[in-house]
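**Student:** Okay, handing you the structure first.
Just so you know, all these numbers are worked out from the coordinates, no wet-lab data involved. Computed from a predicted model, the values in this text were never measured in an experiment. Please note: Cβ atoms are built from the backbone with ideal geometry, for glycine as well, and neighbour counts cover all protein chains shown.
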Amino acid sequence: MNVDRIVHTVAGTFILLSLALAKVHNPNWIWFTVFVGANLLQSGLTNWCLMSSILKKLGVPEGAGVGCAR
């Protein structure tokens, strides 16, 4: 896996998890969904993502992945 695929996978997982938690545990979990969405919007507008920077420093390859972000 490369940086982009990991970021997309983690973001999608966080969104689905927070929506499930908002449904079964506490509606305030929706704020975590808002936080993830705001970070995705920010990274799309600025072309900078903290998680991408961390993954690159950890040595995860940046190569072009297969998927919609080609």
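**Student:** Would you kindly derive the ³J(HN,Hα) couplings of the stretch 32-45 from the backbone phi angles with the Karplus curve 6.51 cos²θ - 1.76 cosθ + 1.60 (θ = phi - 60°), listing them in order in whole Hz, with x for Gly and Pro?
**Tutor:** 5, 4, 4, 4, 5, x, 5, 5, 5, 4, 4, 5, x, 7
**Student:** Could I ask something else about it? Calculate how steeply helix 3-24 sits against the longest principal axis of the alpha-carbon atoms of the chain, using the helix alpha-carbon long axis, and give the answer as 0 to 90 degrees to the nearest 10.
**Tutor:** 0
**Student:** Using Cβ contacts closer than 10 Å as the measure, can you line up Lys57, Lys23 from fewest to most? Intermediate values should be presented prior to the final figure.
**Tutor:** Numbers: Lys57 8, Lys23 11.
With the sparsest Cβ surroundings first, the list reads Lys57, Lys23.
**Student:** How much mean residue ellipticity at 222 nm does the chain get from its helices, if each DSSP H run of length 4 or more adds -39500 (n - 2.57) and you divide by all residues, to the nearest 500 deg cm²/dmol? Please report the intermediate quantities before stating the final value.
**Tutor:** Values: 3 runs with 47 residues, N = 70.
It lands at -22000 deg cm²/dmol.
**Student:** Taking other Cβ within 10 Å of each residue's Cβ, how do Ile54, Ile15 sort, fewest first?
**Tutor:** On the way: Ile54 11, Ile15 15.
Fewest-to-most Cβ neighbours within 10 Å comes out as Ile54, Ile15.
**Student:** Using a cut-off of 15 Å between beta-carbons, work out the net charge of the residues near Lys56 (Lys and Arg +1, Asp and Glu -1, Lys56 not included). Before the final figure, lay out each step's value.
**Tutor:** Values: positive: Arg5, Lys57; negative: Asp4, Glu62.
For residues surrounding Lys56, the net value is 0.
**Student:** For semi-axes √(5λ) of the Cα gyration tensor in Å, which listed value, [x] 25, 13, 11; [y] 21, 13, 10; [z] 36, 10, 4, comes from the coordinates shown?
**Tutor:** [x]
**Student:** Could you work out how much longer the chain between Asn47 and Ile6 gets when fully extended? Use 0.36 nm per residue separation minus the Cα distance between them, nm to one decimal. All intermediate terms of the calculation are to be shown ahead of the outcome.
**Tutor:** Working: separation 41, 0.36 × 41 = 14.76 nm, distance 1.60 nm.
So the extension gain works out to 13.2 nm.
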